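What follows is calculated from the coordinates using simple rules that are stated; it is not laboratory data. Being a predicted model, the structure only gives us computed values, none of them experimental. A quick note on method: Cβ atoms are made from the backbone with ideal geometry, for glycine too, and the neighbour counts reach across all protein chains shown.
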Amino acid sequence: MAPKKVLLLGLGMQGKAALHDLVHHSDAYHVTVVDSRPDLEAYLARYPSERVTGRRIHMTAETDVASLMKNVGVVIEALPAPHAVAMGRLAAGLGVNLVCSMYYLNPKEPDAQKIQAQKEILREIDREAKANTVAILPEFGMDPGIDLVLGAKALSEMDEVSEFYSYGAGFPTHGAANNPLKYKFSWSPIGVMRAYLRPAKIISRGRIVEIAAEEIFAKENTHMLELEEIGVPLECYPNGNSVNYAELFGLRDTVQEMARYACRLPGHCAFWEVMAKCGFLNEEPVNVGETPVSAAQFTAALLGSQSQFQYADDEQDVTLIRADVRGKREGKKSRIVYQLLDRRDLSTGFTSMQRTVGFTMSLGAQLIMEGRLKKTGLLSPIDVPYDLLAQGLAKHGMHIVRQELPWG
């Protein structure tokens with residue numbers, strides 16, 4: 001039997017986890033890894049050469065990337081966010097399946113005309129993917145990704161929905177929270193900085209409420225979440241555009257309260273509110289002497305370069321994904337929660353963030369390659385059946401818990 005060919009673009013933290021999962025999932029896969037990092041060959045030497053090969057290519061060399069895409073069944077795109085839409089567009093045009101964890105609609109874009117232009121590009125990707133009978137699956141990681149599948153499952157059990165709250169969290173365990181921020185990077189520091197200066201939209205009393213980027217950490221926009229299984233309260237701040245997801249779920253005209261939140265250990269929001277309001281997260285360059293420097297990139301480089309903000313080999317991170325839906329079921333008030341709580345696997349060294357993002361991208365590629373995800377076009381995580389996700393995660397010891405809780 002000929003090997004099933006996978007192209008992995010990017011060998012960062014999440015790409016490494018996706019590669020590990022593909023190689024250990026089945027002998028049938030052959031993975032070509034594309035990255036420009038100098039240690040590419042040295043890292044890949046840990047895998048059998050007949051299963052994994054490397055190509056050192058810069059992502060700006062689109063012709064070279066396209067030539068590799070043409071020869072595979074699916075692409076896992078694990079590159080920095082600015083590459084996401086371009087790679088999705090390229091794959092759709094070439095007739096190649098693709099999975100990634102990034103947003104395709106820029107959640108930071110405030111300009112209505114630019115948003116419409118972005119949506120037209122997405123419609124083009126959808127048309128080309130359908131014409132070529134392939135699937136383009138973005139946002140298939142932890143958050144977004146697993147959270148949307150859990151949300152869709154909870155919603156499917158309700159007859160009426162009044163409130164919908166979604167949570168995604170990544171933070172150190174108590175023993176690893178040993179620096180002034182009580183936080184360590186389990187994904188790209190510049191990605192964290194960009195997510196920390198992103199406007200948000202929630203729905204409150206049926207109306208859209210817009211929250212400015214520099215206000216997402218303000219006390220009036222945050223709340224505490226206390227879960228016995230975590231042991232410490234978590235600060236929750238609004239994360240992105242909940243209105244988009246209300247429309248995706250078909251709830252926009254009926255839901256009264258809806259919001260997506262990210263969670264951190266106590267004290268995080270107060271610090272980053274000051275940083276945001278002081279300009280440390282701005283993308284626009286400022287002159288340092290005669291050198292233009294992006295404040296966000298400086299902040300990311302400063303924090304990311306310090307070992308105190310990196311996980312040691314014996315330290316664990318925690319990820320939490322939680323969908324909390326409230327409404328009516330069979331004529332009675334009901335509250336249904338789906339939740340996944342995971343910690344770093346010290347035996348493999350992969351952080352929980354790598355497991356929930358990288359393994360999830362790998363699972364999406366496997367579902368496509370094995371014919372279990374049959375839809376084509378530009379897909380959403382809610383197009384992935386809950387049972388397939390739950391079974392795939394359970395193989396890694398990540399178990400989803402369902403609860404029915406009192407409400408009202």
Packing-based ranking, highest mean first, of 274-282, 353-361, 73-81 given that Cβ atoms within 10 Å are counted: 353-361, 73-81, 274-282
Rounded if a/c under 1.5, otherwise prolate or oblate - region 334-408, Cα gyration tensor axes: oblate
The chain: relative contact order in percent, alpha carbon pairs under 8 Å with at least 6 residues between: 20
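What's the magnitude of the charge dipole for region 4-137 around its Cα centre, counting Lys and Arg as +1 and Asp and Glu as -1 at the beta-carbon? Answer in Debye, nearest 20. Present the calculation step by step, with values, prior to reporting the outcome.
Details: 16 positive and 15 negative charges, 25 e Å.
In debye, rounded to 20, region 4-137 gives about 120.
What fraction of the DSSP beta bridges in the chain is antiparallel, stated in percent and rounded to the nearest 5?
Taking every DSSP beta bridge within the chain, about 60 percent pair in antiparallel fashion.
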Neighbourhood charge, 14 Å Cβ-Cβ cut-off, centred on Arg194 and excluding it, Lys, Arg +1 and Asp, Glu -1: -2
Set Lys5/Lys182; Lys5/Lys114; Lys114/Lys375; Lys5/Lys108 screened for pairs whose C-alpha atoms are more than 30 Å apart: Lys5/Lys182; Lys5/Lys114; Lys5/Lys108
Span-like helix ranges in the chain, DSSP H, alpha carbon extent 20 angstrom or more, Kyte mean at least -0.5: 352-369
Most positive-pole-ward Cα, Gln118, Tyr43, Asn71, against dipole of region 4-137 from beta carbon charges: Asn71
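Net charge within 12 Å of Leu281 by Cβ-Cβ distance, Lys/Arg positive one each and Asp/Glu negative one each, not counting Leu281 itself?
Numbers: positive: Lys108, Arg194, Arg198, Lys277; negative: Glu214, Glu273, Glu283, Glu284.
Combined, the nearby Lys, Arg, Asp and Glu give 0.
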Anisotropy class of region 206-281 from Cα gyration tensor, a/c 1.5 cut: oblate
Cross-link reach list, lysines versus Lys328, counting only Cα pairs under 19 Å and skipping chain neighbours closer than eight places: Lys153
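Sort Lys108, Lys184, Lys395 so the one with the fewest other Cβ atoms within 10 Å of its own Cβ comes first.
Values: Lys108 15, Lys184 22, Lys395 11.
Starting with the residue having the fewest Cβ neighbours, the order is Lys395, Lys108, Lys184.
Can you pull out the GluC sites (Glu not before Pro) in region 261-322 whose DSSP state is coil and whose Cβ has at most 16 other Cβ atoms within 10 Å?
Details: sites: Glu273, Glu283, Glu290, Glu315; in loops: Glu283, Glu290, Glu315.
Taking region 261-322 and a limit of 16 other Cβ atoms within 10 Å, the loop GluC sites (Glu not before Pro) found are Glu283, Glu290.
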Ranked by how many other beta carbons lie within 10 Å on average, peptides 31-43, 86-98 from highest: 86-98, 31-43
Ellipticity estimate at 222 nm from DSSP helix runs (n ≥ 4, -39,500 (n - 2.57)) divided over the chain, nearest 500: -9500 deg cm²/dmol
Burial order of peptide ranges 159-171, 323-335 (average beta-carbon count within 10 Å, highest first): 159-171, 323-335
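Considering only the other residues whose Cβ falls under 13 Å of the Cβ of Ser352, what net charge follows from Lys and Arg at +1 and Asp and Glu at -1?
Numbers: positive: Lys184, Arg343, Arg344, Arg355; negative: Asp143, Glu315, Asp317, Asp342, Asp345.
After counting each charged neighbour, the total is -1.
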Mean separation of Cα contacts under 8 Å, 6 or more apart, over the residue count of region 4-137: relative contact order %: 23
Extension reserve of the Glu50-Leu181 stretch, reckoned as 0.36 nm per residue once the Cα distance is removed: 42.8 nm
For the chain, size of Cβ-based charge dipole, Lys and Arg +1, Asp and Glu -1, in debye: 620
